[in-house]
Amino acid sequence: MTSLLFLSAPGGDDLGDPGRIQRFHTRVTNESLSPTSHVGTEIGGVRVPVLLARLRDGDQSALTILYDALFESLWRVAALQMPSSAAAEDVVHDVFLWLWTHRDTVNVAVDIRVYLATATRNRARNEAKHRQVVERVNRAEPLSSAGIAQAPLPADVSLESADFLMAYRRALTLLSERELTAALLRWEEGFTFEQIAQVLSVSTKSAQRIVLRARDTMYEALRDFR
């Protein structure tokens with residue numbers, strides 16, 4: 001299931017936040033494939049290697065800093081796969097629980113944003129597959145691609161906004177899961193192609209091609225809103 005949940009706020013619905021969607025749309029249509037530099041050397045005012053060393057030593061405040069700084073970003077990754085905000089939150093909570101229980105295995109030189117984004121994507125994909133199996137058993141129906149959720153738009157949304165949101169819904173159905181993930185990481189989170197490649201387990205060139213393909217698909221689908 002694909003919806004606009006990942007362009008909402010945690011606790012929001014699958015219609016997405018119009019302001020965030022408009023900013024995302026602007027980034028899609030303005031993508032020049034130039035490098036970005038999302039990753040900094042600090043998180044929460046603490047140098048990342050120092051923060052991870054503290055985490056390895058069992059400092060719970062280091063985990064709290066990581067959670068506060070990265071929760072929303074990881075929630076968006078999970079929301080690509082999950083049917084609700086709460087389900088996406090559960091995935092992220094599970095990832096941080098796993099991080100804490102396996103903290104002694106964390107390399108202090110790792111790109112923690114990529115590390116956790118990859119873990120979140122993998123856990124969300126597994127959870128989504130599990131949900132599909134459960135639904136198949138409960139319904140005694142073969143698995144199928146349900147496409148995008150078509151929840152009714154609220155009455156206070158203007159016609160122009162409604163058209164824009166519906167166009168995004170249609171456009172997102174044209175993207176594969178890898179393209180959606182790359183789109184989110186590139187245009188919402190500002191990841192570099194190298195980081196996207198690590199999350200998707202592909203080469204940097206392949207990551208760039210995936211972003212380019214997603215951009216061209218979205219650009220064509222949304223040409224009336226340029």
### Query
Inside the stretch 53-64, can you point out the residues that are surrounded by 14 or more Cβ atoms within 10 Å (Cβ to Cβ) and over 16 Å from A117 (Cα atoms)?
A53, R54, L55, R56, D59, A62
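Those residues that are among the aliphatic types (A, V, I, L, M) and surrounded by fewer than 19 Cβ atoms within 10 Å (Cβ to Cβ), I need them from the stretch 74-124; list them, please.
Within the stretch 74-124, A86, A87, L97, V106, V108, A109, V110 qualify.
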#### Entry: Residue satisfying all of: in the stretch 17-32; part of a helix (DSSP H, G or I) and among the charged types (D, E, K, R); farthest from L165 (Cα to Cα) among these
R27
### Summary
For R23, the lone unmet condition from (1) over 27 Å from M218 (Cα atoms); (2) loosely packed, with under 15 Cβ neighbours inside 10 Å is (1)
#### Entry: Members of the stretch 95-133 that are under 18 Å from T181 (Cβ atoms) and acidic (D, E)
D111, E127
#### Entry: Output for the stretch 45-80, where each listed residue is closer than 18 Å to L97 by Cβ, within 22 Å of the chain's Cα centre (by Cα) and either charged (D, E, K, R) or not in a helix (DSSP H, G or I) (or both)
D68, E72
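Quick note: the coordinates plus some simple rules give every number you see, no bench work behind them. Note that this is a predicted model, so its numbers are computed, not measured. As a convention, Cβ positions derive from the backbone with ideal geometry for all residues, glycine included, and neighbour counts pool all protein chains shown.
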